[in-house]
1. Which cross-chain or sequence-distant (5 or more) residues have an amide H under 5 Å from the amide H of Val18, H modelled 1.01 Å from N in plane?
2. Would you please state which residues of the stretch 23-42 a label at Tyr74 would reach in this model, taking the label point 7 Å out along Cα→Cβ and a backbone N cut-off of under 19 Å?
3. Between Gln32 and Gln117, what is the label-to-label distance in nm when each label sits 7 Å out along the Cα-to-Cβ direction?
4. In terms of modelled amide H atoms, which long-range or inter-chain residues lie less than 5 Å from the amide H of Ile123?
5. Packing-wise, with mean Cβ within 10 Å as the measure, how do 82-93, 66-77, 42-53 rank, highest first?
6. Non-local amide H neighbours of Arg94 (under 5 Å, H modeled in plane, Pro and chain starts lacking H): which ones?
7. Evaluate the stretch 24-123: find the radius of gyration of its Cα atoms, find its Kirkwood radius, and give the ratio Rg to Rh.
8. What FRET efficiency comes out for the pair Ala82/Ala53, r = Cβ-Cβ distance, R0 = 35 Å, nearest 0.05?
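The numbers here are math on the coordinates, done by the rules we state, and not lab data. These numbers were taken from a predicted model, which means no experiment stands behind them. All Cβ positions, glycine included, derive from the backbone under ideal geometry; neighbour counts span all protein chains shown.
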Amino acid sequence: MLMWCTWVTWGSRGSNGVLALSSSDTWRARGQIARVALNHRLPTIGSEPGFAAAGNLVQSGPNLSETCRRAAFYVDRIVKGAKPGDLPVEQPTRFELVINLNTAQALRLTILQTLLQRADEVIGFQYPDANPVPLLGSLAP
């Protein structure tokens, strides 16, 4: 319910986009977030795995495979007798950028080539459009 109230508020205040914070609720609702955001013509960014594949514009966050490998390392150390409190806390070091060009097209956004080149994955392809609106155009060289 809170999510729907937030959408109504965003729409009435002229928001420019949606940042979906990481949570199990966000992961479960990633497709619903994409549909509602597209209906409101709002680009979305989130860090959950599958966020861009579900129809949202951008997914940027820790590499899930690397995070799982590091978790396995900790489990192995604990099983071998290490005390959990003695193990160092680690921050993710590898991040992924996924861009959904189908969503960009639906929102009439053009993603800069330099950003596409930095992406780890690009979903879909872009049809030529007579009137695209540049995204992050101020970052162009």
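1. Thr44, Ile45
2. 23-24
3. Reported label-point gap for Gln32 and Gln117 is 4.1 nm.
4. Under 5 Å from the amide H of Ile123 lie the amide H atoms of Ile99, Asn100, Leu101, each far enough along the sequence or on another chain.
5. Sorting 82-93, 66-77, 42-53 by mean packing, highest first, produces 42-53, 66-77, 82-93.
6. Those qualifying (amide H under 5 Å, at least 5 residues apart or on another chain) are Asn63.
7. Ratio of gyration radius to Kirkwood radius for the stretch 24-123: 1.13.
8. 0.45
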